[in-house]
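The values are calculated or read from the model by the stated rules, or taken from the named source; none is laboratory data. The structure displayed is predicted, hence computed values, not measured ones. Don't worry about glycine lacking a Cβ; one is built from the backbone with ideal geometry, like all the others, and counts go over all protein chains shown.
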């Protein structure tokens with residue numbers, strides 16, 4: 001786990017330093033990439049340590065407060081990831097579907113506004129979806145036991161969020177594929193079609209991770 005945290009922090013940190021250092025890299029797509037790098041870096045530095053400890057046998061990691069904080073961090077970073085990936089996919093679709101019209105319309109300022117909206121909307125959805133967690137009280141139980149109960153009571157929230165993201169990603173993927181096929185006569189789209197698949201692969205990997213990352217150990221103390 002420590003190796004994964006270090007690799008994520010160093011890798012995403014390198015991406016952010018490169019974009020900040022070289023002005024030529026400060027493009028609209030790279031602003032969205034930088035946003036995802038920030039999310040991944042914070043996830044590795046803040047959320048993963050909490051997640052690792054909550055799955056351990058640490059006797060001090062108990063209580064409702066720590067459980068709610070851990071669950072909130074898991075949810076908010078998951079939503080940050082999903083929203084950031086969907087924004088990258090939407091950018092690819094718009095670039096292919098509207099070509100020069102979109103290139104003339106998009107600006108760095110609009111990309112930054114988009115990133116701010118992603119963070120605000122993600123926080124709002126997470127806060128509203130996490131309010132019912134305050135009603136869960138297992139006294140001084142371990143956090144991982146709280147996580148099992150939180151997953152049980154919040155499975156509809158997680159399921160609806162995952163389903164909505166899959167539908168949005170599928171629609172964007174289908175529309176992007178149609179746009180690539182329609183403009184296949186232009187040589188530039190042959191190269192673009194290769195790179196446009198990367199956000200979709202990243203999105204599918206995250207969906208797989210979101211489905212698999214559930215508290216399997218439901219044993220209580």
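The requirement of being within 30 Å of residue 26 (Cα to Cα), without any contact (Cβ under 8 Å) to a residue 24 or more places away in the chain and surrounded by 12 or more Cβ atoms within 10 Å (Cβ to Cβ) is not satisfied by residue 123.
Residues of segment 161-175 that are under 21 Å from residue 76 (Cβ atoms) and either in contact (Cβ under 8 Å) with a residue 40 or more places away in the chain or in contact with a strand residue (DSSP E or B) (Cβ under 7 Å, 6 or more places away or on another chain) (or both): 161, 162, 165, 166, 168, 169.
Determine if segment 53-70 includes at least one residue that is touching a helix residue (DSSP H, G or I) at 6+ places or on another chain (Cβ under 6 Å), modelled with pLDDT under 85 and under 17 Å from residue 125 (Cβ atoms). Yes, segment 53-70 contains at least one residue that is touching a helix residue (DSSP H, G or I) at 6+ places or on another chain (Cβ under 6 Å), modelled with pLDDT under 85 and under 17 Å from residue 125 (Cβ atoms).
Among the residues that make up segment 2-24, is at least one of them part of a helix (DSSP H, G or I) and touching a residue at least 60 places away in the same chain (Cβ under 8 Å)? There is no residue in segment 2-24 that is part of a helix (DSSP H, G or I) and touching a residue at least 60 places away in the same chain (Cβ under 8 Å).
Of the residues 134, 82, the single one that is assigned to a helix (DSSP H, G or I), farther than 30 Å from residue 180 by Cα and modelled with pLDDT of 80 or more is 134.
Do the conditions hold for residue 128, that is, is it over 30 Å from residue 19 (Cβ atoms) and more than 20 Å from the chain's Cα centre (by Cα)? Here the answer is no, as residue 128 does not meet what is asked.
Evaluate the following for residue 195: is it modelled with pLDDT under 80, surrounded by fewer than 16 Cβ atoms within 10 Å (Cβ to Cβ) and within 30 Å of residue 53 (Cα to Cα)? It is false that residue 195 is modelled with pLDDT under 80, surrounded by fewer than 16 Cβ atoms within 10 Å (Cβ to Cβ) and within 30 Å of residue 53 (Cα to Cα).
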